[in-house]
Amino acid sequence: MRQYFIDRKININETFNFNEKQSHHIKNVLRMKTGDIIRVVDISNNVFLVEIKVDLNVSAKVLENIADFSNESEIIYCAALIKKDKWDFLLQKAAELGATKVVPLITSRTNFKVDEERMDKRVERWNKITLEACQQSNRSSKCEVERPIKLKEIDRYLSENNIVAFENEENSYLFDLIDNKSITFVIGPEGGFSQEEIDYLLVLGFSCVSLGKRILRAETAGLYVLSVIDAKRNSL
Ligand code: SAM
């Protein structure tokens, strides 16, 4: 069933209008008709069934609340920036696999030119990629992409559990550290983290984890972590 995100709170029996883009999609791309039922997720992560009315624009009446994910614990993926095509892939897959936030990181070995003038447009495009992935995968919460930060600023994104994937770690495995608490995890760039950066994260309370014996590419490492979080949480 198709799903859309609405940027406000909605209630049962209320009627609301879809925005222009959503209306166009429902009416002209999906060719849905008055009376069809779709899912809508409101700003509080409540999921509703709504009955649409197709007119010049598309409106809908809220029928029932089918789920409430407002208490879902956060998964913050702090990812060192990588090349554009791989970055776009990373964002799409991170949204599909359940990240609630992606924080682009600038580290000492990141090859990324920060162009402040173009940054708003970039962040907007990144959020469009994750929004489409969330809608397509029927997720009930959004995956927000933040503006890039320097590693030093990562203390703004601490969770209950904080981990950094570090290929030199030999004893601590990711699977053992996952529970239902909120989590922030950090993945380095292709060149990895410097020892100073790892030391800084340890001081902030991060735990180093191994992702196994193989060295994974940066984007693979992040998607591996998200898959393990999902698998472990589903088994608890
Ligand atoms: N520069 C490193 C090297 O050549 O050995 C590899 C960096 S790896 C391509 C990019 C990032 O993925 C790392 O900074 C780390 O966060 C994560 N990563 C990849 N494989 C990992 C593993 N086996 N254990 C823990 N982290 C890993």
Next item on the list: Determine, yes or no, whether Leu216 is more than 20 Å from the chain's Cα centre (by Cα) and within 13 Å of the ligand (Cβ to nearest atom).
Entry: yes
Could you go through the stretch 59-74 and let me know if any residue there is assigned to a strand (DSSP E or B), open to solvent by 50 Å² or more (accessible area, probe 1.4 Å) and free of Cβ contacts under 8 Å to residues at least 40 places away in the same chain. yes
Among the residues of the stretch 1-19, the number that are more than 20 Å from Ala133 (Cα to Cα) and not in a loop (DSSP other than H, G, I, E, B) is 3
For Asn45, the lone unmet condition from (1) on the phi > 0 side of the Ramachandran plot; (2) assigned by TED's automatic domain parsing to the domain that holds Ala99 is (2)
Within the stretch 20-34, the residues that are in contact (Cβ under 8 Å) with a residue 12 or more places away in the chain and either part of a loop (DSSP other than H, G, I, E, B) or over 21 Å from Cys143 (Cβ atoms) (or both) are Glu20, Ser23, Ile26, Lys27, Leu30, Met32, Lys33, Thr34
For strands (runs of 3 or more DSSP E) lying entirely in the stretch 117-236, having 2 or more residues that are in the same structural domain as Asp88 (by TED's automatic domain parsing), closer than 25 Å to Ile43 by Cα and open to solvent by less than 20 Å² (accessible area, probe 1.4 Å) picks out 183-187
Tyr77 passes all but one of the listed conditions (1) surrounded by 14 or more Cβ atoms within 10 Å (Cβ to Cβ); (2) at pLDDT 95 or above; (3) farther than 30 Å from Gln195 by Cα; the exception is number (3)
*Might you let me know whether the stretch 35-49 holds any residue that is modelled with pLDDT of 95 or more, in a loop (DSSP other than H, G, I, E, B) and among the hydrophobic types (A, V, I, L, M, F, W, C)?*
no
So, first residue closer than 26 Å to Phe112 by Cα in the stretch 170-193, second residue open to solvent by 60 Å² or more (accessible area, probe 1.4 Å) and within 6 Å of the ligand (Cβ to nearest atom), Cβ within less than 8 Å, six or more apart or across chains; the pairs are Glu190/Arg217; Gly192/Glu167
Q | Selection status of Phe89, of a type in the set (A, V, I, L, M, F, W, C), at pLDDT 95 or above, farther than 16 Å from Arg2 by Cβ and open to solvent by 30 Å² or more (accessible area, probe 1.4 Å) | A | yes
Taking the stretch 92-113 and the residues there that are more than 24 Å from Ser182 (Cα to Cα) and either among the acidic types (Asp, Glu) or touching a Leu at 6+ places or on another chain (Cβ under 9 Å) (or both), the one that is modelled with the highest pLDDT would be Ser108
**Asked** Is one or more of the residues making up the stretch 2-17 closer than 30 Å to Asn180 by Cα, at pLDDT below 95, open to solvent by less than 50 Å² (accessible area, probe 1.4 Å) and touching a Ser or Thr at 6+ places or on another chain (Cβ under 7 Å)?
**Response** no
When restricted to Ser141, Ser137, the only residue at pLDDT below 95, under 10 Å from the mean Cα position of the chain (by Cα), over 24 Å from Gly188 (Cα atoms) and among the hydroxyl-bearing types (Ser, Thr, Tyr) is Ser141
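The values are calculated or read from the model by the stated rules, or taken from the named source; none is laboratory data. Predicted model only: the values in this text are computed from it and were never measured. Because the Cβ atoms are built from the backbone with ideal geometry, glycine has one as well, and the counts that use them run over all protein chains shown. SASA here: full protein model, heavy atoms, side chains in, ligands and nucleic acids out. Shrake-Rupley method; radii C 1.70, N 1.55, O 1.52, S 1.80 Å.
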